1. Can you tell me how many residues within the range 305-323 are assigned to a helix (DSSP H, G or I), touching a residue at least 24 places away in the same chain (Cβ under 8 Å) and farther than 18 Å from Tyr555 by Cα?
2. Within the range 216-239, identify whether any single residue is more than 30 Å from Leu453 (Cα to Cα) and outside any helix (DSSP H, G or I), and answer yes or no.
3. Please enumerate the residues belonging to the range 499-508 that are surrounded by fewer than 21 Cβ atoms within 10 Å (Cβ to Cβ) and in contact (Cβ under 8 Å) with a residue 24 or more places away in the chain.
4. Test Trp547 against the criterion of being closer than 17 Å to Leu355 by Cβ and under 33 Å from the mean Cα position of the chain (by Cα), and give yes or no.
5. If you scan the range 256-292, which residues turn out to be surrounded by 23 or more Cβ atoms within 10 Å (Cβ to Cβ) and under 18 Å from Phe228 (Cβ atoms)?
6. For the range 319-335, does any single residue satisfy the condition of being hydroxyl-bearing (Ser, Thr, Tyr) and within 12 Å of the chain's Cα centre (by Cα)?
7. Select, from Ala523, Ala518, the only residue that is in contact with a Ser or Thr (Cβ under 6 Å, 6 or more places away or on another chain), over 16 Å from Ser443 (Cβ atoms) and surrounded by 24 or more Cβ atoms within 10 Å (Cβ to Cβ).
8. Scan the range 460-483 and report the pairs whose first residue is buried (at least 24 other Cβ atoms within 10 Å of the Cβ) and whose second residue is among the hydroxyl-bearing types (Ser, Thr, Tyr) and part of a helix (DSSP H, G or I), with Cβ atoms within less than 7 Å and a gap of 6+ or a chain change.
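The values are calculated or read from the model by the stated rules, or taken from the named source; none is laboratory data. Predicted model only: the values in this text are computed from it and were never measured. Cβ placement follows ideal geometry from the backbone for every residue including glycine, while neighbour counts extend to all protein chains displayed.
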Amino acid sequence: MHRKCSEQRPSCEYCSSTGKQCSYDKVLKWGGRSFKKSCFGQVLSTGAVVKQSEKRSGSNAPYQQPFVYGPGADDNGTSTTTLPTTGPAHISGLPTWTGASYSKPPSSNGDVSPDQAASSPSNATPDTESAYITSPSGLTVASNGPLNETILDVDDVSCDTTPDPAVVDSCQDLVLGVTQQDATSSVDLEVNLDWLPWLSKVDRSLLNHFTLTVTSYLSLHQTMQNDFCTVLLPMALDTSHGTHLLSAILGLAAIHQISLGSYNDEAYLAQLRYTSLQQLRLQSIGHSAALDEQSIATALTLCLCDILAGGEKPKSWRLHLQGAATMIRTYFSRHPPNSGNILVLWRWWKSLQSLSVLLGNPTPEVNTKSALTLEPPNQNHYIDTYDGFSTKLHPVIEEVDMLNAESQALQKLEATLGHDDPSVKVLRNAHSTRCATLIEKISAMMDDPVTELDPASSSATPFDPSSDYFSLNEAYHLAVMLQVYQRAMNLTVTDTRVQEVVKRGISCLRSITLYDFASPGVATLQPLFIFGCAAHEEEDRRFVMDWIERMRRTYSLRNTDSAREFLLELWQERDSMGSMGAQLQYHQLLAEKDWDLSLW
């Protein structure tokens, strides 16, 4: 007859009456077999041990892992990285940023392939109670079952230590190096492995589009495209500290595919942007050079996302550009700028910054912060492949911006004190003298142009880009001169000097060829827009519209649509105003529309 045990300690009532040794230990069986014959036991027999994970202190710890697989004492283990909590955004099939660590999704039917486990972007739900992810950097096994409550001491388990040969074969997928192989024997390698299997098919497609297409349409030279790929991609695929850069890159690719009409998941694009922004806000700047570089790259990529999405919204791309400048300045103060990554990121930022200054800031102010430069002061000048113009032109662009700020301040003084006030006359004369001096300086630079190409652009290209670079360099010099006439001197578009520059600039652009790969034609939108803002004759306007349409068909960047929309409105406004329309400057219409346009 079976009687219920009294469960008294240290010996139950039945064992005390019969004199038997009382034990509450239960021999563990695993899948109907003894423990050491089970798959888990076979793993432990190879030298692996059960490691206790570090407990998180505090009541705010969102998750605590019961145990992880770890190597023996003589092996080098893969640590589990604890990440700060962010928003609920999730990249399908990608290591998700959670409040815990990276862990493998639990499955009742064994292992699931990444493509099966990953949900598509359209099905991705931000509100997930517990996010399980697959990390490429290491495997962490989490369990919410009974093992969460009881941690077994493997050394205390008493069972047969003889491995069952019938079971060894079933454990080969879990144990590496169980069977001895002849050192001279060949190893069969699996061919046609999936590329980045821990990413979903959608994310792999977006990443492939960024690598092959987006970087090509944003680069003036093959070297520049190689820089983007060799610097951004390794940093993005290192998700040990978050997916903010990878999310931004995938978002940039999605924006371009939406422009092409081959992608329409706006919800997933918004989710990628949210993920990148939330995680970027939580990054600690100034402690690690590698992490700072990743954050700088994220800010610049987000800036480019806003530009290619249209580039007209105020307080969007410019805020990211300013944030990148702040992080670069912090980087220079904390780390030696001897990294190849920071050099590429600095050149990228410098290019975006120069063009943002060239087109004008809606709220101009004199920059009192120190310049961010890595160039030696006496370096020979060359045509920068990141900019499309000579390195001699950078200080001139900054000076144009300062003259524009002076001009606006003088207009306010004249409105308050009157044109005949002696102080206003002195300031106006000094301002006019500086403008004339700058015009002469730009003319001298074009008479003796820089003909040396970027020393870093040594990789082979499908064509000789020299003539296109020389024409593009001259076009940018003419665009800067036109900015002095319009933004600093407020000349009307019908002025002879303005129209001469427009004609000459259009002639430079005619000699440039647009290719569907990395080439100088990528950078023609900015000078073209400046020439278009001053175009008065119908022939010039027609050329500008035709060129914008060619760029739209070739590169499919949305800021070309913004440029076309603005120019058509500007021309219509001037024509409707009659003779007074020539006095309407493009930056005045930008201010009325509350646009902050970037055409990088």
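1. 4
2. The answer is yes, given that some residue of the range 216-239 is more than 30 Å from Leu453 (Cα to Cα) and outside any helix (DSSP H, G or I).
3. Here is the first cut: in the range 499-508, the residues surrounded by fewer than 21 Cβ atoms within 10 Å (Cβ to Cβ) are 499-500, 503-504, 507.
Listed by number, the residues that qualify are Gln499, Lys503, Arg504.
4. no
5. Result: His256, Ser276.
6. Checked the range 319-335: no residue is hydroxyl-bearing (Ser, Thr, Tyr) and within 12 Å of the chain's Cα centre (by Cα).
7. Only one candidate qualifies: Ala518.
8. Leu472/Thr524
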